[in-house]
Amino acid sequence: MGTFFWDHKGIIHIEYMLKGTIITADAYCDTLIRLQNAIKSKRPGLLKRGVILIRDNASPHSAGITQTYFKELKWTIFNHPPHSSDLASNDYHLFRELKKFLRGVRFHNDDEVKNAVLEFVKTLDENYFEEGLLKLVYRYDKCLNLMGNM
């Protein structure tokens, strides 16, 4: 399983979990540490300007230890409604295209999958991620105007 973190410029960090691994609050906080390091490396200055993290309310995300860590990081958390894949930018924007790219390909090991994902990312237009965020604004606006009845 891969967790993708991106902004309008592109991928910041991809976290891969080993098969059979369960995402706990501690594991998620470890992921956030690696994300913070990736932001420092790839987007210098972003941490000072402020990070806005869009996430769902899965239990590792909403656990007390995670909430405490978010306060330490001073990141703004933007929760999207549960079970709303139409508002999850990874689902409607990134993963849809990734699935098309990987369709029909057989992999022999995890490294082949990771390399294919990196190849996919290289094929994306420079405006791809910015377009994904603009779609998010449109989708949220539509949802709010329809009072959640998408």
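The values are calculated or read from the model by the stated rules, or taken from the named source; none is laboratory data. Bear in mind the structure is a predicted one, so any value in this text is a computation, not a measurement. Please note: Cβ atoms are built from the backbone with ideal geometry, for glycine as well, and neighbour counts cover all protein chains shown.
Summary of values
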| quantity | calculated |
| --- | --- |
| Residue list for region 10-63, filter: surrounded by 12 or more Cβ atoms within 10 Å (Cβ to Cβ), hydroxyl-bearing (Ser, Thr, Tyr) and out of contact with any helix residue (DSSP H, G or I) (no Cβ under 7 Å at 6 or more places or on another chain) | THR31, SER62 |
| Residues being loosely packed, with under 11 Cβ neighbours inside 10 Å and either part of a helix (DSSP H, G or I) or touching a helix residue (DSSP H, G or I) at 6+ places or on another chain (Cβ under 6 Å) (or both) - total across region 120-146 | 7 |
| Answer from ASN90, ASN115 - the residue that is surrounded by 11 or more Cβ atoms within 10 Å (Cβ to Cβ), in a helix (DSSP H, G or I), at pLDDT 95 or above and not acidic (Asp, Glu) | ASN115 |
| Residue in region 12-35 that is closer than 19 Å to LEU134 by Cα, modelled with pLDDT of 85 or more and either assigned to a loop (DSSP other than H, G, I, E, B) or of a type outside the set (Phe, Trp, Tyr) (or both) present | yes |
| Search result, residues across region 16-47 that are free of Cβ contacts under 8 Å to residues at least 12 places away in the same chain and touching a Phe, Trp or Tyr at 6+ places or on another chain (Cβ under 9 Å) | ILE33, LEU47 |
| Selection status of ARG106, surrounded by fewer than 14 Cβ atoms within 10 Å (Cβ to Cβ), among the basic types (Lys, Arg) and farther than 16 Å from GLY132 by Cβ | yes |
| Residue match in region 37-57 (condition: modelled with pLDDT of 90 or more, within 27 Å of PHE120 (Cα to Cα), in a helix (DSSP H, G or I) and among the charged types (D, E, K, R)) | yes |
| Qualifying residue in region 72-87 (condition: within 19 Å of MET1 (Cα to Cα) and surrounded by 15 or more Cβ atoms within 10 Å (Cβ to Cβ)) | no |
